[in-house]
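Derivation of every value follows stated rules applied to the coordinates shown; laboratory data play no part. Small disclaimer: the values here were computed from a predicted structure and weren't measured. In this analysis, Cβ positions are derived from the backbone assuming ideal geometry, glycine residues included, and neighbour counts consider all displayed protein chains.
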Amino acid sequence: MDAETEELLLSVPARPRGPLLPGLYLVATPIGNLEDMTLRGLRVLRECDRIACEDTRQTAKLLAYFGIQKPLVSYHLHNELGRAEELAAQLLAGERIAVVSDAGTPGIADPGVAVVAAAITAGVRVFAVPGANAALGALVISGLSTEQFAFRGFLPSKGGERRTLLESVLCEMRAAAVPMTQVFYETPHRVVDALADVAAVFGGEYRVALARELTKLHEEMLRGTVDEVRAVLAARESVRGEMVLLLDGTVASAAEAGGSVADAVRALMAAGSDEGDAVKRVARERGVGKSEAYREWQRGKKR
Ligand code: SAM
């Protein structure tokens, strides 16, 4: 440490560290690099009465690495509600309970929300112990705007549902006053298909970023048009790893985007949609009412 840093650190008064207060602690854990475990997170894990975790085997490994021994209780998607009530009763009795997920911030695409709600209902204090989170890590290095963004969790696994969701996202983006970067979690076996759907809805020239294996040895950030990023992945023998897909928030307005309502309906019908579905979809994409789109289609189809 150089003298200047040392002086700076010495000038920061250390916050008095009394015993851990009773309450629920949501503790973030690393998403791939153990150095991302925070000092405060470690103290909470060391000093709490028990740890509620998504997978006890996974958390046992983390604790072993840091030399911590603590009673573990499983708290996952399938027992979340019942376990939340049990944990709330223990919290009411004055315990200090930490919640961790397998990786990252509990409660973000991971269990956590139910026990927070139960603790709040029971009148127990809830503390955040922030740290790693894949969505935010990816966003800040994506090069896309961080001014406003929407975190949308995982994209649907089925193609039809995925395209419908992407269409409604596009509508929202068109209606928004400012560009809003869109952040999705994605899986390696679906990502190439998901990018094809993004291209179908937003166009192949649309700008995206894909963060893969953040904080790990083979960390990678792909930035470019949807078609470029898709081509890079499709050319690989296999696509592996954990990933976050980000879409540029800048979209053309509905009017700029593409001709008349009638043109858009005609194009969809040519691609196999029936008339009603095509009108509904164009209305959704353009953020206009169905009857308005239908009237425009009726007027336009005579031309
Ligand atoms: N709670 C976690 C968080 O705070 O990021 C997210 C849990 S969610 C079940 C797991 C998903 O997060 C993965 O499928 C992937 O989309 C994303 N993810 C987790 N770790 C990642 C990493 N190291 N690099 C890129 N994405 C990651």
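Just the number: Rg to Rh for the stretch 3-132, Cα atoms, Kirkwood Rh, two decimals.
Values: Rg = 15.4 Å, Rh = 15.2 Å.
A ratio of 1.01.
Could you tell me the extents of the chain's C-alpha atoms along the three principal axes, largest first, rounded to whole Å?
Sorted from largest, the Cα extents of the chain read 77, 48, 41 Å.
Roughly what percent of Cα-Cα pairs across the stretch 135-247 reach past 17 Å?
The answer is 51 percent, as a whole percent.
Taking R0 as 35 Å, what's the FRET efficiency between residue 145 and residue 89 from their Cβ-Cβ distance, rounded to 0.05?
Result of the calculation: an efficiency of 0.20.
Can you sort 136, 144 so the residue with the fewest Cβ neighbours within 10 Å comes first?
Neighbour counts put them in this order, fewest first: 136, 144.
Suppose we keep just the DSSP beta bridges with both residues in the chain; what percent of those would be antiparallel, to 5? Mind dumping the intermediate values first?
On the way: 17 of 36 bridges.
Of all bridge pairs located within the chain, approximately 45 percent are antiparallel.
Please list 3J(HN,Hα) in residue order for the stretch 184-195, calculated via the Karplus relation 6.51 cos²θ - 1.76 cosθ + 1.60 where θ = phi - 60°; whole Hz, with x for glycine and proline.
With coefficients 6.51, -1.76 and 1.60, one gets 10, 8, 9, 10, x, 7, 10, 4, 5, 5, 5, 5 Hz.
What is the fewest-to-most order of 48, 171 by other Cβ atoms lying within 10 Å of their Cβ?
Fewest-to-most Cβ neighbours within 10 Å comes out as 171, 48.
If neighbour count is taken as other Cβ atoms inside 10 Å, put 61, 280, 290 in order from fewest to most.
So the residues, fewest neighbours to most, are 61, 290, 280.
Residue separation times 0.36 nm, minus the C-alpha to C-alpha distance between residue 205 and residue 35: what's the value?
57.4 nm
Along Cα→Cβ, 7 Å out, is where each label goes; now give me the distance between the ones at residue 79 and residue 176 in nm to one decimal.
Placing both labels 7 Å beyond Cα along the Cβ direction yields 3.9 nm.
Under the √(5λ) rule applied to the eigenvalues of the Cα gyration tensor, what semi-axes describe the equivalent ellipsoid of the stretch 51-126? Give them in Å, descending.
Values: eigenvalues 83, 40, 21 Å².
Equivalent ellipsoid semi-axes, largest first: 20, 14, 10 Å.
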